[in-house]
Structures are given as structure tokens and as C-alpha cells.
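The values are calculated or read from the model by the stated rules, or taken from the named source; none is laboratory data. Keep in mind it's a predicted model, so treat the numbers as computed, not measured. Cβ placement follows ideal geometry from the backbone for every residue including glycine, while neighbour counts extend to all protein chains displayed. Note: accessible area is taken over every heavy atom of the protein model, side chains too, but ligands, DNA and RNA are not part of it. Shrake-Rupley method; radii C 1.70, N 1.55, O 1.52, S 1.80 Å.
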Amino acid sequence: MFIYDSVQKTKLLLEPIKAGEVSLYICGPTVYDDAHLGHARSSLSFDLLARTLRMVGYKVIMAKNFTDVDDKIIKKIKETGKSLQEITSYYIDRYLKEMEALHIGRADIEPKATESLDAMTAMIQKLMDLGFAYRIGSGDIYFDTSRDSHYGELSGRIGDDAESQKRIEFVEEKKNPKDFVLWKACKTGETICFEAPFGLGRPGWHIECSAMIDAHFHGSGQYSIDIHGGGADLLFPHHENEAAQSRCATGHELAKYWMHNGFVQIDGAKMSKSLGNSFFLKDALNVYDGEILRYYLIGVHYRNDFNFNEDDLQVAKKRLDKLYRLKNRLAPISLSIPSEEFKKALLDAMSDDLNISVALSVIDAMIASANEKLDLNPKDKALKSETAANIRLIDELLGFGGKIPTEYFQIGIDEELKRETERLISKRTEAKKAKDFAASDAIRNQLDAMGIRIMDTSDGTTWEKL
RNA sequence: GGAGCCAUCGCCAAGCGGUAAGGCCGCAGCCUGCAAAGCUGCUAUCCCCGGUUCAAAUCCGGGUGGCUCCUCCA
């Protein structure tokens, strides 16, 4: 298995700390609003990674956190009058449901910041004891970046210039502009306060992941976990800061490999709230089935930017349709085992830093070949059961193709329309039998106007919703 | 101001020094009452200019264009 390490900026052979086992920590969402397509893409990227690692034979332990204490959540509390718990549990619940719709597997460990306070305060205390952190007059505790000689190496930002320092929030008492907050002391009027040995307050953002990783993974003498992942925007400052804290508190590096996924863009620009072009996952799921959305969103290599476009989404659906049409020719059949050649080609592609494009082309080739053989010999049972097993493999590795074809093609069809469709089809079959092609073609046009496409096969007429 | 990523057929998209995968669209054919579906065949020398090499889309230098990070962000 090869993966691209975004710190070393090169593709590397994955050599886990512990043979046969891969520990994975993914930066999850801050739960103050609905998930957008960018969250989906990030989750999808690491879902593919976990699935591939498992199929290649690794035991995978994946953690993905929920940031449920944060300034934006506090802002939401003020705006809505709801409690922190109400807000965060609502958005966590929605997040998980939406990710499920995209067939994204759950992480093995899903820590929440509010449930990891002991780990965080312990790490902050340790950093203070070791002289890596200091407290200012307000009670806030900062990490002293000047004490970490490796600070800046992760993101390659060693000599930051004046212009970039201007952008950092100015706090007079900070020793160094790059120093970041570990603990925000409770100020007058603030209600979201937690107890800590150093007083009431709440944790800074960066400490969360470091503390959770420390709490949940044993690691080795050199690294806490194998792979740390997240969106490309997290490399700096978030991951730089995490790495610094962990290095100073534990004496070893946080992760052996770092992986970052690219952005989802809308009309060539980064999707973000401030630009007013964010696309919520819930809105997309309202219009498109989760499986189609999944197929579309994984279609571009995870490190590249992804330009969201509804036309391209339709193209993705067409491609997925072909898989289901093949599956439709198979059923009902018992599975045998997948073709060795197919499995190898698929795994070879995904083992090469998740080369999804090659993987999808391998699938297309398998579909074409199976269709061709079935055209020649429609009753080839061995081929059918092997093909069915191939599709089962695709579902396991890539997370699509698992539905029953008729369900897939009839998503969003109500019972009434379904009955009407079937009634018209049998009427058309009668007309065809009587060689009344004018009548049968009229019915076909009528169905077409209803959004139903029909196909005559040797086994009768099948139909799909357009 | 600093740091980085990207640029491949009309569109989407692989490629990681050895002579351009795949999908959509289009065209031709097989199949079909006609379609649809399926199958077969056809369609690019890789933004520009230099350089390294027996060999470059792939490496180096210089342009041009797009995006991102340096502030919360997947």
C-alpha cells in the first residue's frame, strides 16, 4: 500500500508502527451547522482509505472526533437560546445520518471534546509543567512556539514574514505572534465553562486532537499513530499546532504519515460560508440518492480539488447505471467468488494512493466484458455468479453497487406511478403482440413523458426512472 | 508580502522518465418491428518557451492562467 504523505510531499510505502495494524485519526467536524459537500468529500476520502486498508489485510482502528465546544457553537447558543447539548447532539445526529446515506462507515472511536476534557487538561498541565506553555493575565494559557525547535517544519512555514504575522490575532501578552491558545479562561458572563486544575474555562481547538490521540492510542516510542488525516486547510495552523503540542508533551511525533484531502469547489472557487456558495449535503441528498452522490464525489482523486457540477453528477449516474443494469441481468443467482484478476486489478489501483480513476476503469472493463459474454451466452451460470461476486466486492471496497437493481432504478417512484407504469407496459406488450406498432410506440412515448424509460429484453420489458 | 498546488481530447478524468487508461458526448456498425439497453470500431502528443536525457505529459529553468494556505474552515 502506497500513500502520499503531505508533509514529505511524496508517495511512500505504508509501513505501520505495528505490523498488520493501522491506526488512523481523522479530524472531524465542528458541530454547529449542517454538513456541506466538503465534509462529505473528506469523510469519503478516508472511508475509502479505511476500506482499502482492510481489504488489503490490515486491521484498522479509526478515530474521528466531534468538536463540540467552540466559539461558533457558543455563538449559536446565543443566537438560538438553545443549550450546547441540544445544538451539538442535533448536528452530530444529522451528520451521522447524512454520512450513512453516503455509505460511509462509522469510525471505531468517535470522541467528543466535551467527553475528553480530562485528557485535554492533563496535557495542558503537562505542557505547563514542562515549560512549554504559559499563562497570561486573563487566565488564558498559550503554547510557547519558541520552545519547540521543530515548530513550522510540518507545514514548511519556517520563516514567516511580517505580512503573514499581521493576519494573526493580536494579543499583547503573547510572547510570540505564532503562539496559540490551549485554554480559554472563563470570563465574566460566559456560561460554557468547564473545571480544570488551572481554573474554569474551555479548551482551545488544537489541543483536542492531540489529547484524544494520546488518550485512545498507545503508539510506539516514535509515533502516536500511523496516519493523521483531514482537509487540506488543516495543515496549517491546525496540524502544525497539534504536532507541536504532542511532540512537546509526549516526547514523540504525533503521526507517522499525514494525509490531506482537496477541496470541493463551486464554480472554481472554494466553497465557504463567507463566499455564500456553500452547498449543504442535506440539500444535495434531497435531490440525489446518496449512492449516486457517493459515486460522483469519489470519482476524482482525493488530493485534487473537486469542482461540483450537476452535469457531471448526471454523467456519474449514467456510469453507475451501467453497473446496475449488469447486476439486473444476473439476478437471482448465488454468489461464488470474485475473479482473481479483477480483484487484483481493483486492489492494485486502490493500493496506489487510492487511484480511484483506475479502479473505476477496471470496473467499466469488467462490466463490458461480462455484458459481452452474456450477450453470447445468456445462461452462463458460472459467469453470472462470479460477476455477482465481483459486484459484491465492489460494494465492499468502494461502497456502491449493493442495492437490488429494481430498487436502484425505481428510487423516488410511488406505488401509484409504479402500477400505472406496469399497466401501460402490459398494454404495450399486447399491442406489440398484435403488431400494432403505432399503438405500442404511442405508449412508449407516453411513458417517456412520465419520465420512464423502457427496454425490451428477451425476458420481457424492463423499465427505469430517468 | 510569504508558502504551496494545479494546467492532459468538446466535457469529466488517469498518468509518478520508455513512447497518451477510462467515462460522457459524437460518428459508423451489430442487435431491435422501430427504439432503448448491450456489444464492436473510430476521435488528443499533453498551456507556452527553453534545457537535461538515447527517451519527457512526466525532471529542471522561465513565462501565462486558475486555485488554496498564511484568520474559523473538510
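Observations on the model:
- Stokes-Einstein D in µm²/s, Kirkwood radius over Cα pairs - segment A:310-406 at 10 °C with 1.306 mPa s viscosity: 116 µm²/s
- Largest first, the residues A:Arg147, A:Arg419, A:Arg247 sort by 1.4 Å accessible area into A:Arg419, A:Arg147, A:Arg247.
- Within chain A, helix-based [θ] at 222 nm, where runs of 4 or more DSSP H residues each add -39,500 (n - 2.57), nearest 500: -14500 deg cm²/dmol
- Between segment A:287-301 and segment A:361-387, the alpha-carbon center distance in angstrom: 25 Å
- Extension gain for A:Arg423-A:Asp441 works out to 5.0 nm (0.36 nm per residue, less the C-alpha to C-alpha distance).
- Of the whole protein surface, A:Glu79 contributes about 120 Å² of accessible area at a 1.4 Å probe radius.
- Shape summary of segment A:1-54, radius of gyration then Dmax from alpha carbon positions: 13.5, 39 Å.
- With one equal scatterer per alpha carbon and no solvent term, the Debye-computed log10 I(q)/I(0) for chain A at 0.07, 0.08, 0.11 1/Å reads -0.46, -0.58, -0.95.
- Surface composition of segment A:310-406: carbon and sulfur atoms hold 54% of the protein heavy-atom accessible area at a 1.4 Å probe.
- Computed accessible area, A:Ser458, all protein chains, 1.4 angstrom probe, square angstrom: 120 Å²
- Computed over segment A:412-465, the alpha-carbon pair-distance distribution with 10 angstrom bins reads 25, 60, 15, 1, each value a whole percent.
- Going by accessible surface with a 1.4 Å probe and the largest first, A:Leu154, A:Leu466, A:Leu293 read A:Leu466, A:Leu154, A:Leu293.
- Cysteines in chain A that, by Cβ-Cβ distance, have no pairing candidate under 4.7 Å: A:Cys27, A:Cys209, A:Cys248
- Taking Cα centre as origin and charging only the Cβ of basic (Lys, Arg, +1) and acidic (Asp, Glu, -1) residues, the dipole magnitude of chain A rounds to 1000 debye.
- Distance histogram for segment A:1-128 (every C-alpha pair counted, 10 angstrom bins, percent rounded to whole numbers): 11, 34, 32, 19, 4, 0
- In chain A, a dipole from Cβ-located charges (positive for Lys and Arg, negative for Asp and Glu) runs towards its positive end, and of A:Ser334, A:Leu281, A:Gly229 it is A:Ser334 whose Cα lies farthest in that direction.
- Taking all protein chains into account, the per residue accessible area for segment A:177-234 stands at 40 Å² (1.4 Å probe).
- The accessible-area ordering, largest first, of the residues A:Trp205, A:Trp183 stands as A:Trp205, A:Trp183, per a 1.4 angstrom probe.
- Using a probe of 1.4 Å on the protein chains alone, the accessible area found for A:Tyr90 is around 110 Å².
- Cross-link partners of A:Lys381 among lysines (Cα-Cα below 22 Å; sequence separation of 8 or more within a chain): A:Lys322, A:Lys327, A:Lys343, A:Lys373, A:Lys403
- Amide H contacts for A:Trp183 (H built 1.01 Å from N in the peptide plane; partners 5 or more residues away or on another chain; cut-off under 5 Å): A:Ile141, A:Gly204.
- Pairs from A:Lys318/A:Lys379; A:Lys18/A:Lys317; A:Lys175/A:Lys282 whose Cα-Cα separation, in the structure shown, is over 32 Å: A:Lys18/A:Lys317; A:Lys175/A:Lys282
- If a spin label sat at a point 7 angstrom from the Cα of A:Asp289 along the line to its beta carbon, the backbone N atoms of segment A:87-107 nearer than 20 Å would be those of A:97-105.
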